[in-house]
Amino acid sequence: MATEINRTPELLAPASDYNTAINALHQGADAVYAGLQKFNARERSPNFTVPLLSRLVQYAEDMGKNVYVAFNTLLKENELEEAVDCLTDLARIRPHAVLVQDLGVLHLLRKQFPDLPVHASTQMGTHNSAGAEILASQGVERIILERQLTLKELRTIVDKNPVETE
């Protein structure tokens, strides 16, 4: 049985801080994506502390909206322990999904935090149906495809895979 995929576009806004996130949600965004102070591609932004991110997730849920957490950098071996600590915090906060780039982070999430939804970040570089198939087999719920794909390539990937794409 094929998974039914929502074809309604989601208006998603970046949020570098709490006020930006709240404003985006009040101005019509369906969801925001944010990052903790480490392990996201926008580390130079103010970003969120764990308590503030927790507050944002609850606020968005009360509005019927989503918060996705960008955890989308490549990790070095010496960062794994700290990354697991951050993922433990995220598992407690329960964002609507964690956006990942690193295959090791994907593995950690599936092994240690299987209830956390995972989205493959555009930084993961998914640009064909074979890559999308592997990610789907690893429990990724949404794949943010490479920006350089043609419309024909996008259609082929979407038609061949049951996972939601962006």
For this session: Compute the separation of the alpha-carbon centres of segment 1-77 and segment 92-166 and state it in Å as a whole number.
Result: 16
For this session: With a probe of 1.4 Å, find how much accessible area segment 29-166 has per residue, and write the answer as a whole number in Å².
Result: 52
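Taking the Cα centre of the chain as origin, sum charge times position over the Cβ atoms of Lys and Arg (+1) and Asp and Glu (-1), and report the length of that vector in debye to the nearest 20.
220
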Problem set entry | Ile134 accessible area, 1.4 Å probe, all protein chains in place, Å² to nearest 10 | 110
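Net charge within 13 Å of Ser45 by Cβ-Cβ distance, Lys/Arg positive one each and Asp/Glu negative one each, not counting Ser45 itself? Walk me through the numbers before you get to the answer.
On the way: positive: Lys38, Arg42, Arg44; negative: Asp17, Glu43.
Summing Lys/Arg as +1 and Asp/Glu as -1 gives +1.
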For this session: Go through His96, His119 and list them by solvent-accessible area, largest first, probe radius 1.4 Å.
Result: His96, His119
For this session: With an 8 Å cut-off on Cα pairs and a minimum separation of 6 or more residues, tell me the relative contact order of segment 101-166 in percent.
Result: 33
For this session: Hey, can you grab everything whose amide H is under 5 Å from the amide H of Leu99? Only 5+ residues off in sequence or another chain; H modelled, so Pro and N-termini drop out.
Result: Val69, Ala70, Phe71, His119
Exercise. Quick one: putting +1 on the C-beta of Lys and Arg, -1 on the C-beta of Asp and Glu, what dipole do you get for segment 114-166 around its Cα centre, in Debye to the nearest 20?
Worked result: 200
Seminar exercise, completed: HN-Hα couplings for segment 10-24 via Karplus (6.51, -1.76, 1.60; θ = phi - 60°), in whole Hz with x for Gly/Pro, come out as 9, 7, 10, 10, x, 9, 7, 7, 4, 4, 4, 5, 4, 4, 4
Problem set entry | Accessible area, probe 1.4 Å, largest first, for residues Glu81, Glu164 | Glu81, Glu164
Exercise. Just the accessible area for Glu79, please: 1.4 Å probe, Å², rounded to the nearest 10?
Worked result: 40
Problem set entry | Computed over segment 1-104: relative contact order in percent, which uses C-alpha pairs under 8 Å that are six or more apart | 25
For this session: State the percentage of accessible surface on segment 1-83 attributable to carbon and sulfur atoms; use a 1.4 Å probe and exclude ligands, DNA and RNA.
Result: 48
For this session: Quote the accessible area belonging to Leu80 in square angstrom, nearest 10, computed with a 1.4 Å probe and with ligands, DNA and RNA left uncounted.
Result: 60
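The values are calculated or read from the model by the stated rules, or taken from the named source; none is laboratory data. Here the structure is a predicted model, which is why all the values come from computation and not from measurement. Cβ: placed from backbone, ideal geometry, glycine included. Neighbour counts: every protein chain shown. Areas reflect the complete protein model, heavy atoms only, side chains present, ligands, DNA and RNA absent. Shrake-Rupley method; radii C 1.70, N 1.55, O 1.52, S 1.80 Å.
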